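The structure appears right after this line, and notes come after that.
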2 protein chains.
Amino acid sequence: MKDVVSSCPIEEVMRVLSGRWPTLLLYYLKNGTKRFSDLRRDNPTVSHRILALELRKLEEAGIVRRTAHPGYPLRVDYDLTAPGLKLVPLIDALGGWWEDTEDDRAGRISSAVETKLVAAE
Amino acid sequence: MKDVVSSCPIEEVMRVLSGRWPTLLLYYLKNGTKRFSDLRRDNPTVSHRILALELRKLEEAGIVRRTAHPGYPLRVDYDLTAPGLKLVPLIDALGGWWEDTEDDRAGRISSAVETKLVAAE
DNA sequence: CCGTGGTTACAGAATAGTGCGTAATTTACA
DNA sequence: TGTAAATTACGCACTATTCTGTAACCACGG
């Protein structure tokens with residue numbers, strides 16, 4: 001995949017929010033600080049490797065803050081940065097949109113454009 | 001992977017918006033109706049195949065409307081449905097968030113904004 | 001033959017999951 | 001008392017799955 005120097009910020013946002021986990025992690029982190037194992041419990045379908053990678057990606061994007069406490073057993077906290085917190089309502093808005101428009105999207109009654117290949121006879 | 005019947009709508013939204021193209025297509029379609037070849041021109045890095053697939057995904061999600069005009073040479077129009085139009089400002093908001101929080105995300109100095117990156121170009 | 005919108009077939013790239021290893025301290029238990 | 005096992009947050013190597021791209025083909029009127 002080429003590294004196009006995208007002109008629009010939307011492309012850049014999606015570079016970090018794309019995928020199944022980023023928004024979910026935002027969702028769980030908005031309730032407050034969580035540890036690695038908490039996040040794994042919150043959503044058991046993500047593998048530890050991917051969770052670590054996704055968290056690092058979010059950290060590098062400045063959305064999540066990682067705090068490693070010295071000593072053993074290791075303890076690492078994750079929480080949202082200020083930008084991360086500001087992002088949450090936007091993500092929620094997307095979820096709201098999905099629900100609000102459910103009928104409209106599913107029904108697809110949008111118009112009388114039923115001109116479907118009338119090649120029949 | 002398993003098909004977890006995701007409890008939260010956010011996961012479902014991301015299922016359709018994830019990836020590089022969906023939001024970009026939204027972006028181009030918000031200016032009005034476009035044909036397949038227009039969209040290819042708008043954004044030359046997407047392959048023929050992927051564009052067709054992405055458009056179909058968006059159509060199935062009820063975000064984009066496909067209108068095939070009978071006759072040859074083939075002609076197909078794409079435009080946003082009502083839900084799709086409502087989605088646009090939300091996507092824009094994400095872009096705005098990305099720009100607004102740029103210093104904060106990059107600098108990660110959550111209390112003071114000191115050096116603004118001067119993009120000299 | 002060309003151009004349009006789309007599909008299929010195959011290949012290669014990207015992404016995700018599994019399982020093992022690590023570190024220092026605590027606990028388990030004969 | 002000694003030794004083994006658990007804990008926590010990963011990293012690494014390997015495999016499995018999925019995604020994306022390329023190329024070719026179809027339909028048809030001109």
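So, in the stretch B:79-89, of the ones that are surrounded by fewer than 20 Cβ atoms within 10 Å (Cβ to Cβ) and more than 15 Å from DNA strand C (Cβ to nearest atom), which residue ends up nearest to residue B:25 (Cα to Cα)? Selected residue: B:88. A Cβ distance below 6 Å, combined with a sequence gap of six or more or placement on separate chains, defines the contacts here; from the stretch B:32-46, residues that are within 14 Å of another protein chain (Cβ to nearest Cβ) and in a helix (DSSP H, G or I) reach residues that are of a type outside the set (A, V, I, L, M) and surrounded by 12 or more Cβ atoms within 10 Å (Cβ to Cβ) in the pairs B:42/B:28. Looking across B:64, B:88, one residue alone is under 13 Å from the mean Cα position of the chain (by Cα) and in contact (Cβ under 8 Å) with a residue 60 or more places away in the chain. It is B:88.
Looking only at residues in the stretch B:3-36 that are away from DNA strand D (no atom under 13 Å from the Cβ) and polar (S, T, N, Q), the one that is surrounded by the most Cβ atoms within 10 Å (Cβ to Cβ) is B:6. Within the stretch B:47-66, the set of residues being within 9 Å of DNA strand C (Cβ to nearest atom) and facing chain A (nearest Cβ under 10 Å) comprises B:59, B:66. The set of residues in the stretch A:91-104 that are in contact (Cβ under 8 Å) with a residue 40 or more places away in the chain and either more than 7 Å from chain B (Cβ to nearest Cβ) or charged (D, E, K, R) (or both) is empty. Of the residues making up the stretch A:47-78, those that are crowded, with 16+ Cβ neighbours inside 10 Å and in a strand (DSSP E or B) are A:64, A:65, A:78. Looking across the stretch A:67-85, the residues that are free of Cβ contacts under 8 Å to residues at least 40 places away in the same chain and within 17 Å of the chain's Cα centre (by Cα) come down to A:81, A:82, A:83.
Values in this text are rule-based calculations from the coordinates and carry no lab data. All values reported here derive from a predicted model rather than from experimental measurement. When we count neighbours, we look across all protein chains shown, and the Cβ atoms used for this are built from the backbone with ideal geometry, even at glycine.
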